[in-house]
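Presented below is the structure to which this report refers.
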Amino acid sequence: MPLKPDNCTIIIFGAHSDLAARKLFPSLYELALWGNLPDEYRIIAVGRSSLSHEEFRQKVYEKMAVFFPKNVQDEAALASFFARLFYVGVDFTRKEEYHALYKEIMEGGAALAASHNLLFYLATPPALAPVIVRNLDHAGLGEKDASCAGWRKIIVEKPYGSNLQTARELNTVIGEVFHEDRIFRIDHYLGKETVQNIMVFRFSNGIFEPLWNRNNIATVAITIAEDFGIRDRGAFYEEAGLLRDIIQNHALQLLASVAMEPPVDFSADSVRDEKAKLLRSIRPVTPGNIGGVVVLGQYEGYRAEKNVAPDSTVETFAAIKFFVDNWRWKDVPFFVKAGKNLAETVTEIVITFKCPPQNYFGPAESCCYTANQVILRIQPEETIAIKFGAKRPGEALITDPVFMKFDYKTSFSEVGLTPYHRLLLDAMAGDQMNFIRQDSVEYSWAIIDAIREAARTKPPASYPVHSWGPESVQAIYS
């Protein structure tokens with residue numbers, strides 16, 4: 001078992017959010033149950049409403065009973081966890097109200113040792129992040145405060161701004177209060193076992209590492225598909241759209257993990273250096289080339305969703321052909337496809353290798369049917385499959401594609417941590433490997449801003465629910 005983090009207090013802004021109810025409080029409870037949290041810890045939930053500690057604990061219990069009924073069966077464990085869970089009502093925009101939070105943190109009674117090390121988690125809308133950070137600084141809770149006796153860190157949820165300009169402004173504000181090595185920009189995809197395994201698969205296997213380049217790989221395809229719509233997130237989606245919700249973070253981080261150069265070592269800084277260099281190498285989309293590399297779509301019925309404008313032109317689907325202009329990947333297309341209300345829910349990366357120079361076992365065009373592939377399935381299954389050609393039984397020499405598959409669940413007896421378990425522990429320990437650095441955020445936004453500007457006068461194409469997007473999407477695969 002890894003060493004426990006330092007004694008600390010975890011302060012969660014957005015205590016009533018869906019994220020806090022479904023992910024943060026259940027994850028922290030399980031980490032406490034498994035003995036992964038420090039000996040002395042406190043959790044202070046911060047919300048706008050006025051509640052007592054007991055009233056808030058009851059609300060957390062009710063949500064956990066709905067989402068994770070098995071977790072509420074151990075009454076002793078729950079009582080121990082709730083004894084360390086506290087609530088403070090604060091209007092996030094009023095700096096004078098943060099003094100009540102300061103008092104609750106610093107006068108923690110028996111858990112005073114936990115008050116020196118503070119981990120702030122902003123489970124709030126992105127627009128509130130600068131306001132909260134400035135008010136923390138005003139209340140003497142910032143990491144650069146002269147009276148700080150221990151460490152102070154902050155976890156910021158995506159999206160980090162709404163474009164390159166706002167991302168830079170947010171980075172500036174947070175950077176005035178916290179040093180970069182204390183800022184944890186979270187993307188839960190980076191905490192998934194299968195995403196973390198991409199680098200291990202690439203760099204620890206001699207049969208793949210020498211082939212991972214333009215000489216041997218024909219295409220890379222990344223798919224992030226969901227078979228449901230926006231659900232109750234109409235207001236958010238009208239403001240964000242799929243490019244900013246999925247492509248700017250999840251998709252580009254997956255692309256960077258697949259295509260980055262080998263780091264000089266596996267420290268957080270070295271790995272993030274290579275990811276940043278990869279993102280900087282992506283060829284910009286311009287109004288002149290967008291027709292051949294970008295297709296945006298909107299599912300039928302989107303405009304009838306709650307809190308959606310009847311004439312909305314927000315995209316719920318995107319297919320993009322990226323090119324990485326560096327020595328390793330020159331002219332290799334990276335196809336990224338993501339969307340809502342598609343044919344199935346799946347996240348996967350498919351690396352397709354080039355065909356042999358001559359096909360002895362069928363017509364030349366049959367290579368597209370039997371081409372070697374590595375398929376990294378991230379969800380719903382967690383698998384790695386290798387596709388190759390094999391002779392079909394019988395007298396004729398006919399090649400069929402077959403698969404060898406590795407499955408995490410059947411291959412390992414250990415139960416891995418969920419992304420939020422892992423990332424919460426990483427932040428407490430100060431390990432930034434699986435968090436996004438400032439420069440990568442800005443490179444990603446530059447890519448998305450260029451696409452949005454190039455597509456500004458072209459409304460998204462309509463596509464049927466439970467399809468694979470607009471018919472025009474096939475054009476970018478040519």
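Key figures for this structure:
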read-out: Qualifying residue in the range 178-192 (condition: surrounded by fewer than 18 Cβ atoms within 10 Å (Cβ to Cβ), assigned to a helix (DSSP H, G or I) and assigned by TED's automatic domain parsing to the domain that holds Ala427); value: no
read-out: Only one of Gly161, Gly175 that is closer than 23 Å to Val131 by Cα, in contact (Cβ under 8 Å) with a residue 60 or more places away in the chain and part of a helix (DSSP H, G or I); value: Gly175
read-out: Restricting the range 204-226 to residues that are surrounded by fewer than 14 Cβ atoms within 10 Å (Cβ to Cβ) and of a type outside the set (S, T, N, Q), the residue that is nearest to the chain's Cα centre (by Cα); value: Glu209
read-out: Pairs with Cβ under 6 Å, 6+ apart, first in the range 191-203 and at negative phi, second of a type in the set (A, V, I, L, M) and surrounded by fewer than 18 Cβ atoms within 10 Å (Cβ to Cβ); value: none
read-out: Some residue of the range 214-224 being assigned by TED's automatic domain parsing to the domain that holds Val473, within 25 Å of Asp18 (Cα to Cα), in contact with an Asp or Glu (Cβ under 6 Å, 6 or more places away or on another chain) and at pLDDT 95 or above; value: no
read-out: The range 78-112 - residue that is assigned to a loop (DSSP other than H, G, I, E, B) and buried (at least 16 other Cβ atoms within 10 Å of the Cβ) and, of those, modelled with the lowest pLDDT; value: Gly108
read-out: Subset of the range 294-332 [under 19 Å from Ala454 (Cβ atoms) and surrounded by fewer than 19 Cβ atoms within 10 Å (Cβ to Cβ)]; value: Thr313, Phe323, Asp325
read-out: The range 280-295 residues that are farther than 16 Å from Ala318 by Cα, paired with ones that are at pLDDT 95 or above and among the acidic types (Asp, Glu) (beta carbon under 6 Å, 6 or more apart); value: Ser281/Asp325; Arg283/Asp325
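The values are calculated or read from the model by the stated rules, or taken from the named source; none is laboratory data. Nothing here was measured: the structure is a model prediction, and the numbers come from that model. Every residue, glycine as well, gets a Cβ built from its backbone with ideal geometry; the counts of neighbours run over all protein chains shown.
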